Amino acid sequence: MQRRMTTEELLVSFDDAIKHGHIFAYYQPQFNHSTGRMTGAEALMRWVDPEAGMQYPSDFIPVLEENDLLYFADIQMVEMTCRFLRQCIDDDIPVIPISFNMSRNDIFKHEYVEDVENIRKKYDIPVKYLRVEITETSAIGGMELMSSVIGRFHELGYIVEMDDFGSGYSSLNILKDLDVDIIKLDLNFLNGNVSGRGGIIIRSVVQMAKWLRTPIIVEGVETIEQADFMKSIGCYYIQGYLYSKPLPEEEFLEKMSLAHHEPTKSPIDLLKTFNADNFWDPNSLETLIFNNFVGGAAVFSYNEGRLEFIRVNRKYIEEIGMNISERDFIESNPWKYFETDGKKLFIDTIKKAIDSAEEETCEVWMTLTSDCCGTDRMCIRYHLRVIGNAGDEYLIYSIISNITAEKKSYRDLYESERKFAFASEHTNTYAWEYTIATKEMRPCFRCMRDLGLPPLIRNYPEPVIESGLFQPDYAEMYREWHRQLAAGIGSLEAVMPLTAARIMFKVKYTTEFDENGVPVRAYGSATPLQ
Ligand code: C2E
Ligand code: CA
Ligand code: CA
């Protein structure tokens, strides 16, 4: 007795399904194909309706997503996973890390990271046993938000995995922008075909991931041939029907109890064994990777301020908005588009990359002048890594992304907030701008005119509390607001009496963050309640 539920049925039964545990986790273990040991597992959502039977994620997840319900189901999965782990730990059963899936709406509309962390704490699960899977698509249109979510998970100690890598609009650039710890490569996207072109793509991605020193878990492995192929290219971690289907809790528990375990390790540093000859061979795999899978990339040599491009791919040139051949690009003056500050920053970053032998990043503004389009400014993010040297001459591998749009949208936001402040002059609102680092407040014209405030108030809010504009019984709360702004709260709002006449106002703050998520300014407003 099993049938697909209709959208309406799903929506009507959702609350009950959550409440009665009809939505729960199956666990699919992951193995090291080299040693046969279990290395982790993924929690996959299942819904068993008392009447319609088992429902699969591909059918019900899109419905939940469209109706803003997926978050509650995702959180339920974290809860179930933690509860399961807690039970195992209490029963002295050795456990392995379990991954749960995060979806786009989880972070756009909810305090997802905090909610996950609270559940983890509630069950007192060591953070090393929990991993979060994100997808490239959830980052679309929200790279900054995604980076900050990853950053917060990292601060709390969670491992972050990039799910379904290679499925969407992925390029390795996204890996550069998003600091993930593990890549999951899904053979389903290649119809499991590891021979011919499919094999080449996989091989390239694996190779690149090794350069990045990121472990890979291959999903959807169904046959021993696929597993052996993956092993032959140095990719051991496997999740798929070959080893195990997703299992209900009791079966998974049994399998986990019996299995030997081992942690997922990052691949050995292949840079040393990196075959430089192949890199220059037009028919080599390295060339193929370079041209097809890395987004904008270049190799250049650097020697005491002298920069020379050696190789650059098509995407690199496109990324910086040019329309010339690779050859012309290599022959042109490499510093042509750099501004003075940018050039200095770029050289400093190269030096840092030489000293640290790690990847270093910088963001550089450039000015492009062309016959057809006139002058344009753009911001390029460079990731630089030394891949070899001969004496003082360093060979540097660079991946770039054009982040002008990102930068501009940040500035647009700033502008629109400013315009808002001006618009408020025409409404009944008093507005001000508060600079968090310096505690300086700049009031709008109306505040100055009606309330007699000076154009700049230092050590805000103390002077306005003293002046009696903010009432003593609200002073501590208002001070606390400013501490919260400094701590990074996004917005604040309350109704409070202002002036000696205790006129009721709605007072609001909206915080503006810089691209690193640091709170910079807060925009305040006070509107009298009619
Ligand atoms: P996914 O995260 O890529 O999960 C892997 C899917 O591949 C699972 O399908 C799994 O059963 C299936 N699979 C595993 N091994 C093999 C194999 O060897 N061959 C083939 N052909 N397939 C294999 P499932 O469980 O139906 O989940 C489908 C998708 O639904 C997941 O893809 C994920 O995107 C989403 N999903 C599942 N659980 C959750 C969840 O808790 N939250 C969210 N937001 N999404 C979930
Ligand atoms: Ca997944
Ligand atoms: Ca996947």
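If I filter region 25-69 down to residues being more than 16 Å from ligand 3 (Cβ to nearest atom) and within 18 Å of D115 (Cα to Cα), which single residue comes out as modelled with the highest pLDDT?
Ranking the candidates gives L69 first.
Filter region 75-105 down to the residues that are within 16 Å of ligand 3 (Cβ to nearest atom) and under 19 Å from S138 (Cβ atoms) and list them by number.
Within region 75-105, M77, S99, F100, N101, M102, S103, R104 meet the criteria.
Return only the number of the condition from (1) closer than 30 Å to H261 by Cα; (2) in contact with a strand residue (DSSP E or B) (Cβ under 7 Å, 6 or more places away or on another chain) that M1 does not satisfy.
Here M1 meets the rest and fails (1).
Under 6 Å by Cβ, and 6 or more places apart or on different chains, what pairs join a residue from region 121-137 that is under 15 Å from E155 (Cα atoms) with one that is hydroxyl-bearing (S, T, Y) and within 16 Å of ligand 3 (Cβ to nearest atom)?
As it stands, the answer is R131/S99, since those pairs meet every condition given.
If you scan region 484-501, which residues turn out to be modelled with pLDDT of 90 or more and more than 24 Å from K439 (Cβ to Cβ)?
V495
Assess whether L368 counts as being within 21 Å of G295 (Cα to Cα) and over 25 Å from the mean Cα position of the chain (by Cα).
On the way: within 21 Å of G295 (Cα to Cα): yes; over 25 Å from the mean Cα position of the chain (by Cα): yes.
In short, yes.
Checking L85 against (1) more than 9 Å from ligand 1 (Cβ to nearest atom); (2) surrounded by fewer than 21 Cβ atoms within 10 Å (Cβ to Cβ), which test does it fail?
(2)
What strands (runs of 3 or more DSSP E), lying completely within region 420-530, carry at least 2 residues that are within 30 Å of D177 (Cβ to Cβ) and of a type outside the set (V, I, T)? Outline the logic, then answer.
Details: elements: 430-435, 440-443, 491-498, 503-513, 519-528.
Where strands (runs of 3 or more DSSP E) fall fully within region 420-530 and carry at least 2 residues being within 30 Å of D177 (Cβ to Cβ) and of a type outside the set (V, I, T), they are 503-513, 519-528.
For region 47-67, give me the residue count where each residue is over 26 Å from the mean Cα position of the chain (by Cα) and either of a type outside the set (F, W, Y) or crowded, with 18+ Cβ neighbours inside 10 Å (or both).
The first filter runs over region 47-67 and keeps only residues over 26 Å from the mean Cα position of the chain (by Cα), leaving 47-56, 59.
Still in the running and either of a type outside the set (F, W, Y) or crowded, with 18+ Cβ neighbours inside 10 Å (or both): 47-55, 59.
Here the count works out to 10.
Checking L70 against (1) within 18 Å of D164 (Cβ to Cβ); (2) aliphatic (A, V, I, L, M); (3) touching a strand residue (DSSP E or B) at 6+ places or on another chain (Cβ under 8 Å), which test does it fail?
(3)
List the helices (runs of 4 or more DSSP H) inside region 249-324, counting only whole elements, that have at least 1 residues being at pLDDT below 85.
Values: elements: 249-258, 276-280, 285-292, 314-319.
Result: 276-280, 285-292, 314-319.
Return the pairs, sorted by first residue and then second, in which the second residue is part of a loop (DSSP other than H, G, I, E, B), the first residue lies in region 311-328 and is farther than 15 Å from T404 by Cα, the beta carbons are less than 6 Å apart, and the residues are 6+ apart or on different chains.
From residues that are farther than 15 Å from T404 by Cα, the pairs are K315/G295.
Taking the options D328, D348, name whichever one is assigned to a helix (DSSP H, G or I) and modelled with pLDDT of 85 or more.
On the way: D328 fails: modelled with pLDDT of 85 or more.
Going through D328, D348 in turn, the sole match is D348.
Take region 148-192 and flag every residue that is modelled with pLDDT under 80, within 16 Å of ligand 3 (Cβ to nearest atom) and in a helix (DSSP H, G or I).
Matches in region 148-192: I174, L175, N188, F189, L190.
Within region 501-517, can you find the residues that are in contact (Cβ under 8 Å) with a residue 24 or more places away in the chain and of a type outside the set (V, I, T)?
Matches in region 501-517: R502, M504, F505, Y509, E512, F513, D514, E515, G517.
Rundown of residues vs (1) under 23 Å from the mean Cα position of the chain (by Cα); (2) at pLDDT 90 or above; (3) surrounded by fewer than 20 Cβ atoms within 10 Å (Cβ to Cβ), yes/no style:
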site	(1), (2), (3)
R197	no, no, yes
K210	yes, no, no
R213	yes, no, yes
V221	no, yes, no
A227	no, no, no
L242	no, yes, yes
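For region 436-477, which residues satisfy the criterion of being loosely packed, with under 15 Cβ neighbours inside 10 Å and among the basic types (K, R)?
Answer for region 436-477, where residues must be loosely packed, with under 15 Cβ neighbours inside 10 Å and among the basic types (K, R): R449, R458.
If you check every pair at least six apart or on different chains, which have Cβ atoms under 6 Å apart with a residue in region 1-18 that is surrounded by 12 or more Cβ atoms within 10 Å (Cβ to Cβ) first and a residue that is β-branched (V, I, T) second?
Listed pairs, sorted by first residue: T7/V63; L10/V63; A17/I23.
The values are calculated or read from the model by the stated rules, or taken from the named source; none is laboratory data. This one's a predicted model, so the numbers in the text were calculated from it and none came from an experiment. We place every Cβ from the backbone using ideal geometry, glycine too, and count neighbours over all the protein chains shown.
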